[in-house]
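Report on one structure; see the data block that follows.
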Amino acid sequence: MAVYKRGYSRYTGDLTGRWQRLVAVPRFVWGRLFGQRYVVALFVLALFWPLLCCLFVYVANHAELWSSFGRDMAKMLEINGQFFLVFMNVQSVFTMILAAMAGPGLIAPDIANNALPLYFSRPQSRVDYVLSRFLVVAGLLSLVTILPALFLLAMQTGLAGFRWALDFWYLPAGVLAGFALWILIVSLVALACSAYVKWRVVSGALVLAFFFLLGGAAEMMNAVFRTTSMSHLNPAKAMNRIWAALLRTEPGAELNTAVCAASLAALAVLLILVLERKLRPVEVIS
Amino acid sequence: MSHVIELDNLSVRLGRREILKKISCRIGRPGSGRAIGLLGPNGAGKSTLIQTLLGFHKPSAGAARILGFDCHHSSTQVKALLGYMPESDSFVAQLPAITFIRLLAELSGLPPAAALEKAHETLFHVGLGEARYRPIGTYSLGMKQMAKLAQAIVHGPELVILDEPTNGLDPGARTRMLKLIREMKEEHGMHVILCSHLLRDVEETCDEVVILKDGVIVHQADLEAERRANRRFVELEVLGDDSALATALGAIRAEGLNEGGGRWRIVLPGEVEISALWKVTASCSLAIRKLTHRRDTLEEIFLKAVGHLRATPGEEAGRKPEEAAIHGRL
């Protein structure tokens, strides 16, 4: 029967579980995001670098193509932690831009339109609300970070053989853990900016500004205090130091891995506190 | 079975202010749908009570339960039973109504296909069928109210909390909204809590009322029982010699008080219908000029409860001792 002839009746069927409810928002948002041309364009652009890296892996594993260039070239084309560190650094720029595009639309419209009471009057907690928005950004960023990285690792293992995988056993875990940490930080920044600023454009700009301003401020303080330790406050540099440690590459001397991890943990806690403060169904004025 | 709402010494403190002060009551009989009116002057604590029922505020003491579930400790179970229509605009303006309501239905636990089907069904039900693909931000005020109602009932909740549902509606839309509310309880068996400043809306739709003032419940009334009681008290005006009327009323076990000039105040026993009075007056050869039920309007109940009115207007003036005795028995 046509729906307009049927009339209203109460739903009496089975209800979905918590996890299926959590993925409802990501499904809606991904559908909307990939309907926007500029998001699709950036997404395609973000996959160019992994493609180049694939080409590099292919070339590096075909000795006949470069043997005439000598031993130096052979060393340069080695697939090791340094190669993946460069890959991750470039992809991290795309993740920031993608987060700046996808993040602001997640919470800002709900706050601007006073829609939070409607969400919180449903069987979902504040944690569920944040988790579902986090899944949107994390899922999107995983497509341009973790997925290409896994493909590269699989390709390299396939071409170089099992021996290479045994020699560099720490690389898959390091790449995955490194990207997971970066996605966590970028997603939290995107969500916190979206919760803090009601206007989507300003919120998007704030996501980018967050990284550049913090980096700039850290360098400025380094110059003022004639030190290098303030670079620990630069999230991009701190993350790079952690990646270097995870991928066992030669780290720069000026940063300490443990301090970098602590500063990023403090940043994550701060961002979670912002979300906790802003995401309330009703504002209580004491 | 549990009552729809049970408040047990409930206190809620926001900041340093105690908004709800140890309120206790049991509202709404379990079973078929009941509508409960929540009334009170501004600042009485109505919104705080609603928000506490929704689990937005933690009680500082006592407990609130909905259909047996504690609103704070079993918040998820409670919310699965609830639908909430807030007073202020509350939606994502850029989204089409169908998308937004489908999303909220899915968040309430409906599977995707069922959520889409119910979103269409509900939007047609509230009269937004033709406008369901339009962004909600382009809706008129009346349409927005209907969209808010649609999202509150799309998942078929046991209890629907409506905060000022007729705000800003023109008379036609208001009538439609009240009809939908009546249908919700009568045809779909939902319990309804209606928070409104418009006493007439509450009177037209609710079975019970709770009146709050300064954070305490000052009156709780079963409107159905009040209406039944009102029907027992009749004011009669007749033409002709009414000297035999008192005896005739005695035959049907009714009590009458002659006020002179053919005016009578009569209390009917429970099982006697008002139509019996026509027979009695006919047997005494009297013509009825006027026959009215006493009507203690909700406005009078409300004003008495909040202390702006001592008693029903005209009730005290001219009341004789015998009449007072009749009132005492009512």
Problem set entry | Within the stretch B:162-184: backbone nitrogen closer than 12 Å to the residue B:197 label point (7 Å, Cα to C-beta) | B:164, B:167-168
For this session: Would you mind pulling out the separation of the Cα centroids of the stretch A:187-221 and the stretch B:1-38, in Å?
Result: 44 Å
Exercise. Helix-derived [θ] at 222 nm for chain B: sum -39500 (n - 2.57) over DSSP H runs of at least 4, divide by residue count, nearest 500?
Worked result: -10500 deg cm²/dmol
Exercise. Would you list A:110, A:14, B:8 from the most to the least accessible area, probe 1.4 Å?
Worked result: A:14, B:8, A:110
For this session: Looking at the protein assembly as shown, send over the antiparallel percent of its DSSP beta bridges, to the nearest 5.
Result: 70 percent
Exercise. Of all accessible surface on chain A at a 1.4 Å probe, what whole percent is carbon and sulfur?
Worked result: 69 percent
Seminar exercise, completed: A student applying the Cα gyration tensor rule (rounded when a/c is under 1.5; otherwise prolate if a/b is larger than b/c, oblate if not) would label chain A oblate
Problem set entry | Where A:182, A:199 fall by accessible area, highest first, once all protein chains stay in place (1.4 Å) | A:199, A:182
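How big is the antiparallel share of DSSP beta bridges in the stretch B:5-226, given as a percent to the nearest 5?
55 percent
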Problem set entry | Inter-chain Cβ neighbour average for residues B:183-189, partner chain, 10 Å | 2
For this session: Over the whole of A:122-133, what's the average partner chain Cβ count within 10 Å per residue? Rounded to a whole number, please.
Result: 3
For this session: Over the stretch B:5-226, calculate the relative contact order: mean separation of alpha carbon pairs under 8 Å at least 6 apart, over the residue count, as a percent.
Result: 28 percent
Problem set entry | Area accessible to solvent at residue B:24, 1.4 Å probe radius, in Å² | 60 Å²
Problem set entry | Accessible surface, per residue, of chain A when the full set of protein chains is kept, probe 1.4 Å, Å² | 50 Å²
Exercise. Counting DSSP beta bridges in the stretch B:118-253, what percent are antiparallel, to the nearest 5?
Worked result: 55 percent
Seminar exercise, completed: Candidates A:31, A:17, A:81; GNM for chain A (alpha-carbon contacts under 10 Å) flags as most fluctuating A:17
For this session: Can you work out the accessible area per residue across chain B, with the rest of the protein chains kept in place, probe 1.4 Å, in square angstrom?
Result: 43 Å²
For this session: Enter the buried accessible area of the B/A pair, total of both sides, probe 1.4 Å, in Å² rounded to the nearest 100.
Result: 3900 Å²
Exercise. Spin-label point model (7 Å from Cα, Cβ direction): what's the residue A:165 to residue B:291 distance in nm?
Worked result: 9.5 nm
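The values are calculated or read from the model by the stated rules, or taken from the named source; none is laboratory data. What you see is a predicted model; the values in this text were computed from it and never measured. Glycine gets a Cβ as well: all are built from the backbone with ideal geometry, and neighbour counts include every protein chain shown. When the accessible area is computed, the model is the full protein with side chains, heavy atoms only, and any ligands, DNA or RNA have been set aside. Shrake-Rupley method; radii C 1.70, N 1.55, O 1.52, S 1.80 Å.
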